[in-house]
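This report concerns only the one structure given below.
Readers should treat all values here as calculations from the given coordinates under stated rules, not as data from a laboratory. Given the structure is predicted, the values throughout are model-derived calculations rather than measurements. Note that we place each Cβ from the backbone using ideal geometry, even for glycine, and neighbour counts take in every protein chain shown.
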Amino acid sequence: MKIRAIAFNTFKEAIRDRILYLILFFAVVCIGFSRLLALLTVGDRVKIIKDVGLASLSLFGALMAIMIGTGLVYKEIEKKTIYTLLSKPIHRFQFLLGKFFGLVLTLFIMLLLMSIIFLGLVFFHTFKVEWQLLIAILFIFLELCLITSVALLFSCFSTPILSSLFTLAFYLIGHTAWGLEILIDKIKTGFGKALAQILYHFLPDLENFNFKTEIVHNLPIPAKIFLYSTLYGIFYTLFVLILALLIFRKRDFI
């Protein structure tokens, strides 16, 4: 009950944030730009629209999670409202989970709006509902949940600017870590290869949520891949939330 109250309050605060609508505006512009790009490019226009549209959903959704999520806890500390909240019979884990679910709800609504525009644009070209695109959008949402938890983690002990940089680094590393696998195959056995293997196993792999290429080009995807990616997202998000809670419990607000 308390978590739900904090979540809805966080949601109300988030939808009043003007930066949210600015990012939403640019997302819609990019989705619309995909049509113009398709007209100017040689190739399958629908595939180009799908590719650019899904990439826009992922990128701008991540920016929303980063820009808003990194200030969730810091704003409460800066405004000193955290003292009032924690003086009430509210546990710190309830406060933190309420903030998390509030932002997740906000991202869900924003992603839903962008997806409706995107799917409408695709329908305008194909005159049929591309249900397989919903799979890619679902995993984009799972990725956004993970990024939200990371933003919340950094917000527990750092300023919004540093938290934004850290979370953005997490996002960029997560989408480029796959290159380490290629690097491991090329490095000779030794310290360098061992270090690369350690980094490969510990760094986040956000490409687990990237099914854009397979969906756009109608490539087969084994069911076990969906299961693995879903479990990866759930357990990684839980791990980050637990870490955030442990750090937040150590904070002294007196």
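Just one of the listed residues (93, 100, 60) is aromatic (Phe, Trp, Tyr) and surrounded by fewer than 19 Cβ atoms within 10 Å (Cβ to Cβ), and it is 93. Of the listed requirements (1) in a helix (DSSP H, G or I); (2) surrounded by fewer than 20 Cβ atoms within 10 Å (Cβ to Cβ); (3) among the β-branched types (Val, Ile, Thr), residue 129 misses just one: (1). Taking region 204-254 as the range and being surrounded by fewer than 19 Cβ atoms within 10 Å (Cβ to Cβ) and of a type in the set (Ser, Thr, Tyr) as the test, the residues that pass are 213, 228, 230, 232. Just one of the listed residues (116, 109, 137) is out of contact with any helix residue (DSSP H, G or I) (no Cβ under 6 Å at 6 or more places or on another chain), in a helix (DSSP H, G or I) and touching a residue at least 60 places away in the same chain (Cβ under 8 Å), namely 109.
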